[in-house]
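**Q** Supplied in structure tokens, the structure appears directly below.
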Amino acid sequence: MYAKSPRILGSLLLILLIFLGYSFFLLREKDVVINMDGQVIPAVTNCVTVKNLLQKQNILLSEKDFLQPSPDCLLRPGQVVDIRICVPIEIEVDNEVLKIEHYSSETDEILKKANIVLGPLDRVEGTVDKDQLPVQLKVIREQETEQGTGALQETEQETGVLQKAAPAITVPEITAPGKGPVKTLPSRGQENVRKVLSFEATAYTHTGNPTCTGVYPRVGTIAVDPRVIPLGSKLWVQDYGYGIAEDTGGLIKGNIIDLFMESKAECRNWGRRRVTVYILE
């Protein structure tokens with residue numbers, strides 16, 4: 001019996017040392033980051049849990065707010081604490097205004113919460129700015145215009161003006177805004193038009209990153225919502241010229257396209273405008 005005592009004491013001592021070491025690890029100062037709705041707050045703390053950290057930072061959350069990891073989670077060096085504050089949101093859709101509360105800044109998640117389903121050409125106007133409450137969004141419903149390959153057809157745009165859309169177009173060369181004719185894409189002859197649609201068009205320039213299809217953007221690269229325009233589609237865009245749908249973007253939803261241009265100045269000159277888009281065969 002007594003022979004076993006040193007072993008028992010040794011085991012107890014080992015457990016005590018492990019406990020003290022772990023306590024030291026938890027209580028030592030560590031660098032953590034609080035990400036609150038995109039605002040990054042670095043902190044050096046000896047707090048043990050996420051709950052302790054929030055209390056020390058005087059951050060009060062409601063049950064509706066998003067917190068990851070959970071309050072009882074032990075903090076470790078380099079820990080990122082993600083916080084998204086729940087805010088009131090008003091969505092104008094189908095001649096009524098829906099009022100909800102949600103913590104997300106992503107339009108898709110907000111629409112899902114509100115049980116709103118977008119059609120292939122529908123779009124959402126407004127931005128999720130939690131400094132301006134309530135957040136106000138508007139769902140625009142639009143119908144596509146089918147174009148045959150026969151006679152001319154008239155399509156009514158939002159301006160109320162009837163415009164004629166030909167089933168075939170002839171464009172000798174691309175003209176990049178502010179640069180004159182360029183040879184990035186070869187000139188085309190007569191093209192069959194599958195659809196003619198009205199889109200909001202924005203512009204972007206070099207980021208140093210390839211497109212979602214793996215190629216680097218160039219004049220003629222167009223970012224689209226693939227639910228509306230399949231990737232790889234050949235397009236002709238009013239005031240821009242020929243292009244190919246070979247990129248996507250987080251803000252490119254519904255009938256919005258993003259046109260690649262060579263410089264920031266060209267993008268600023270383009271701004272945001274409504275254009276007619278021909279989807280070619």
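The values are calculated or read from the model by the stated rules, or taken from the named source; none is laboratory data. No experiment lies behind these values; they were computed from the predicted model shown. Every residue, glycine as well, gets a Cβ built from its backbone with ideal geometry; the counts of neighbours run over all protein chains shown.
**Q** Kindly provide the set of residues from segment 244-270 that are in a loop (DSSP other than H, G, I, E, B), touching a residue at least 60 places away in the same chain (Cβ under 8 Å) and farther than 16 Å from Arg123 by Cα, ordered by number.
**A** Across segment 244-270, the qualifying residues are Met261, Glu262.
**Q** Hey, another quick one. Any residue in segment 25-51 that's at negative phi and loosely packed, with under 12 Cβ neighbours inside 10 Å: show its pairings with residues that are among the charged types (D, E, K, R) and modelled with pLDDT of 80 or more at Cβ separation under 8 Å, as long as the two are six or more apart or on different chains.
**A** Here the result reads Pro42/Asp31; Val44/Glu29; Val44/Lys30; Val44/Asp31, each pair linking segment 25-51 to a residue that is among the charged types (D, E, K, R) and modelled with pLDDT of 80 or more.
**Q** While we're looking at this one, here's another question. With the checklist (1) surrounded by 19 or more Cβ atoms within 10 Å (Cβ to Cβ); (2) in contact with a helix residue (DSSP H, G or I) (Cβ under 6 Å, 6 or more places away or on another chain) in hand, flag the one item Ser198 doesn't pass.
**A** The failed condition is (2).
**Q** Sticking with this structure for a sec: Can you pull out every residue in segment 261-281 that is closer than 14 Å to Glu200 by Cα and either touching a Pro at 6+ places or on another chain (Cβ under 8 Å) or crowded, with 20+ Cβ neighbours inside 10 Å (or both)?
**A** Residues satisfying the conditions are Trp270, Val277, Tyr278.
**Q** Within segment 199-238, which residues are within 15 Å of Ile252 (Cα to Cα) and either of a type in the set (Phe, Trp, Tyr) or assigned to a strand (DSSP E or B) (or both)?
**A** Phe199, Glu200, Ala201, Thr202, Ala203, Tyr204, Thr221, Ile222, Ala223
**Q** Scan segment 80-120 residue by residue and report those that are among the charged types (D, E, K, R), without any contact (Cβ under 8 Å) to a residue 40 or more places away in the chain and assigned to a strand (DSSP E or B).
**A** Of everything in segment 80-120, those that are among the charged types (D, E, K, R), without any contact (Cβ under 8 Å) to a residue 40 or more places away in the chain and assigned to a strand (DSSP E or B) turn out to be Glu96, Lys99, Glu101.
**Q** Just to verify a result, which residue in segment 85-102, among those that are among the acidic types (Asp, Glu) and touching a strand residue (DSSP E or B) at 6+ places or on another chain (Cβ under 9 Å), is surrounded by the fewest Cβ atoms within 10 Å (Cβ to Cβ)?
**A** Residue satisfying both the conditions and the ranking: Asp94.
**Q** Name the pairs: first residue in segment 194-218 and under 15 Å from Pro230 (Cα atoms) and basic (Lys, Arg), second residue part of a loop (DSSP other than H, G, I, E, B) and modelled with pLDDT under 90, Cβ to Cβ under 9 Å, at least 6 apart or on different chains?
**A** Arg194/Gln147; Arg194/Thr149; Arg194/Glu281; Lys195/Glu144; Lys195/Thr145; Lys195/Gln147
**Q** Output yes when any residue across segment 73-80 is under 26 Å from the mean Cα position of the chain (by Cα), of a type in the set (S, T, N, Q) and surrounded by 14 or more Cβ atoms within 10 Å (Cβ to Cβ), and no when none is.
**A** Yes: one or more hits.
**Q** Additional query: Cβ contacts < 7 Å: first residue on the phi < 0 side of the Ramachandran plot, restricted to segment 60-79; second residue of a type in the set (Phe, Trp, Tyr) and surrounded by 12 or more Cβ atoms within 10 Å (Cβ to Cβ), any location; separation 6+ or different chain. Result?
**A** Short answer, once both residue conditions are applied: Lys64/Tyr103; Asp65/Tyr103; Phe66/Tyr103.
**Q** Mind telling me which of the residues Pro186, Pro217, Pro230, Pro172 ends up being loosely packed, with under 15 Cβ neighbours inside 10 Å, at pLDDT 85 or above, over 24 Å from Thr127 (Cβ atoms) and over 17 Å from the mean Cα position of the chain (by Cα)?
**A** Step by step, each of Pro186, Pro217, Pro230, Pro172 is checked, and only Pro230 is loosely packed, with under 15 Cβ neighbours inside 10 Å, at pLDDT 85 or above, over 24 Å from Thr127 (Cβ atoms) and over 17 Å from the mean Cα position of the chain (by Cα).
**Q** Of everything in segment 251-270, what is modelled with pLDDT of 90 or more, closer than 23 Å to Val139 by Cβ and not aliphatic (A, V, I, L, M)? Give them in sequence order.
**A** Listed by number, the list holds a single entry, Asp258.
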